[in-house]
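What follows draws every value from the coordinates through simple rules; no lab data is involved. Predicted model, so just to flag it, every value in this text is computed and none were measured. Please note: Cβ atoms are built from the backbone with ideal geometry, for glycine as well, and neighbour counts cover all protein chains shown.
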Amino acid sequence: MVQAFVDPTPSPLALLLLGNSADPDSERGVECPGDLPPASDPDLVARAQAAKDALGGRVFILGHHYQRDEVIQFADVTGDSFKLAQKAADKPDAEFIVFCGVHFMAESADILTADNQKVILPDLAAGCSMADMAEISQVEQCWADLEAAGVAAVTIPITYMNSTAAIKAFTGKHGGSICTSSNAKRSLEWAFERGEKVLFMPDQHLGRNTAVRELGLSLEDCVVFNPRKPSGGLTVEELQNAKMILWKGHCSVHGRFTPECVDRVRSEVPGVTVIVHPECTYEVVEKADQVGSTEKIITAIENAPAGSAWAIGTELNLVKRLALANPDKSITYLDKTVCFCSTMNRIDLPHLVYSLESLAGGNVINQISVDPDTAHWAKIALDRMLALPSSTPILD
Ligand code: SF4
């Protein structure tokens, strides 16, 4: 009988299951302290509003596009991760930045805001499966493998915004830049002006889609570095021949759309325009009519003529809101088996009420604080992105 090999070592960044508990195997293995109000409490909306009113200008609430409606209704601004971090930086008078998003977004907000501002993540277990696929020790080992292969000196790291502060700092220290899905092409061009190869982390799909579709590289120019295999599962020759070394990471939401989803929606919805996020696989993006960041998707739908039909491949909360806001257009979710971002959805009304009431009561909870050295190097990598000639305020 053949027995499947199961690696007994838990991932150092394993995600928590949904719930109000701790996972000792996870970096985010922290219990949400205090007693959350029950989700059944009929006064949750009133309590959140009362606590927000009590805090007044001391609090600024950021809501990512993928958040639940029950949370978004309290957001002072909605947007994508970097846009939200910039909005927070534009509010120096706000003592508390309550970030209704996931852990890496709150880290970026902490890096970009003033020292006296405190960034709060309503549920500390709200991670991001993609960001958590690149752990700093794995990245350092990868770089050692590139050095051993003799290619590190000609490799520029480009790191997607959806990454931990530690990986951003690594990127800053090694001469690289951060990118978003909106400026990934310009970031890669910048990198290839400085080196022969790019180490792209942590989303292999954004890296491949950009390199092949926008820079004209071939699929054969790309290799995938698997951090769970010795030397990433690559030979020295493969590393030396590659132009794009793609980290084996992906988004657990966008990675689930398939080419068959596109075929099916085309057969079911006459004249449909398929628009997908570049975190989708290369095969899906190739079959779609349009590809773009969350903000680009929003703009495309808002500017579409009445009566047009769209199928959207991105997170479900956003697609639902777009459908509600555009009743004159036919909006279909690209696949019915793909659902919400589970970690983003950990931020719910009970957690928001708990956070706001704690702050109003003088108890600072769930603060996200990046240590100064990490913040310094991460900011260098972020600043390189902002200095790109075509950098417009950021959308991912
Ligand atoms: S949608 Fe994907 S990339 Fe965005 S927070 Fe969720 S898991 Fe991370």
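Just a few scattered comments:
- Charge-dipole axis of the chain as Lys and Arg at +1 and Asp and Glu at -1 on Cβ define it, positive-most pick from Gly172, Asn303, Gly57: Asn303
- Between Asp383 and Ala153, the simple spin-label model (points 7 angstrom out along Cα→Cβ) gives 2.8 nm.
- Basic side chains Lys and Arg get +1 at the Cβ, acidic Asp and Glu get -1 at the Cβ, and with that the dipole of the chain about its Cα centre reaches some 660 debye.
- For the range 28-107 versus the range 151-175, the gap between their alpha-carbon centres in whole angstrom: 29 Å
- Nearest-20 debye value, the range 42-143 charge dipole, Cβ charges on Lys, Arg, Asp, Glu: 280 debye
- Nearest-20 debye value, the range 254-333 charge dipole, Cβ charges on Lys, Arg, Asp, Glu: 180 debye
- Taking all C-alpha pairs of the chain, those more than 39 Å from each other amount to 17 percent.
- Listed cross-link partners Lys296/Lys379; Lys91/Lys296; Lys83/Lys379; Lys87/Lys185; Lys296/Lys320 are compared with a 18 Å cut-off, the Cα-Cα value being larger for Lys296/Lys379; Lys91/Lys296; Lys87/Lys185.
- Tensor-based shape of the range 37-87 (alpha-carbon gyration tensor, a/c under 1.5 rounded, otherwise prolate or oblate): oblate
- Listed residues His250, Gly292, Gln67: farthest to the positive end of the dipole of the chain (Cβ charges): Gly292
- Checking every one of the trypsin sites (Lys or Arg not before Pro) in the range 206-236 against DSSP loop status and a limit of 15 other Cβ atoms within 10 Å picks out Arg228.
- Normalised contact order of the chain, rounded percent, pairs of Cα under 8 Å and 6 or more residues apart: 22 percent
- Here is the result for the range 77-172: no trypsin sites (Lys or Arg not before Pro) lie in DSSP coil with at most 16 other C-beta atoms within 10 angstrom of their C-beta.
- Cα centroid separation - the range 233-301 against the range 322-338, whole Å: 19 Å
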